[in-house]
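**Q** Attaching a single structure in structure tokens format; questions to follow.
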Amino acid sequence: MLIKTLILLSYLLALSWIGTHKVEAATLPEDEVTVLNQIARTMGAINWNFDGNVCQENDTATVDIGFVPERNVTCHCENDTCHVTHLIFKRQNLPGKLPSELVNLPNLKEM
């Protein structure tokens, strides 16, 4: 019984490692990275620099009261490729305008 339990546990650990490894390897295509950086510049966020790992490197702030700035890029990842689906830039006090480059993110569902 102990051997069967150890084998099952080993199998489950191996599957979880494979799933985690696959998600970590997924990156955003270079054209979407370029669009995100163009959007940031158009909106006046001059020191934001996105890269292919933006889907794993979100710096989302937890908002309890509603006054904390948020910056979040949410992606849908399949196999080794991710695509931007949601952009949240709340309370950033950005001086720019709503960027026309948004049309270059074909999987974007919400801004």
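The values are calculated or read from the model by the stated rules, or taken from the named source; none is laboratory data. Fair warning: this is a prediction, and the values are worked out from it, not measured in the lab. Cβ coordinates were reconstructed from backbone atoms using ideal geometry, including for glycine residues, and neighbour counts include every protein chain displayed. Accessible surface areas use protein heavy atoms only, side chains included; no ligands, DNA or RNA. Shrake-Rupley method; radii C 1.70, N 1.55, O 1.52, S 1.80 Å.
**Q** Looking at segment 53-75, I want the residues that are more than 21 Å from Leu28 (Cα to Cα) and have a partner that is at pLDDT 75 or above and of a type in the set (Lys, Arg) with Cβ atoms under 6 Å, at least 6 apart or on another chain. Which pairs are those?
**A** Within 6 Å, the pairs are Pro69/Arg91.
**Q** Another one. Can you tell me which residue among Val54, Val63, Val68 is outside any strand (DSSP E or B), open to solvent by less than 30 Å² (accessible area, probe 1.4 Å), at pLDDT below 90 and not basic (Lys, Arg)?
**A** When all the criteria are applied, what remains is Val54.
**Q** Go through segment 17-40 and give me each residue that's surrounded by fewer than 16 Cβ atoms within 10 Å (Cβ to Cβ) and either among the hydrophobic types (A, V, I, L, M, F, W, C) or modelled with pLDDT under 90 (or both).
**A** Trp17, Ile18, Gly19, Thr20, His21, Lys22, Val23, Glu24, Ala25
**Q** Please go through segment 74-101 and pick out each residue that is surrounded by 15 or more Cβ atoms within 10 Å (Cβ to Cβ) and in contact with a helix residue (DSSP H, G or I) (Cβ under 7 Å, 6 or more places away or on another chain).
**A** Passing the criteria: Cys77, His83, Val84, Pro99, Glu101.
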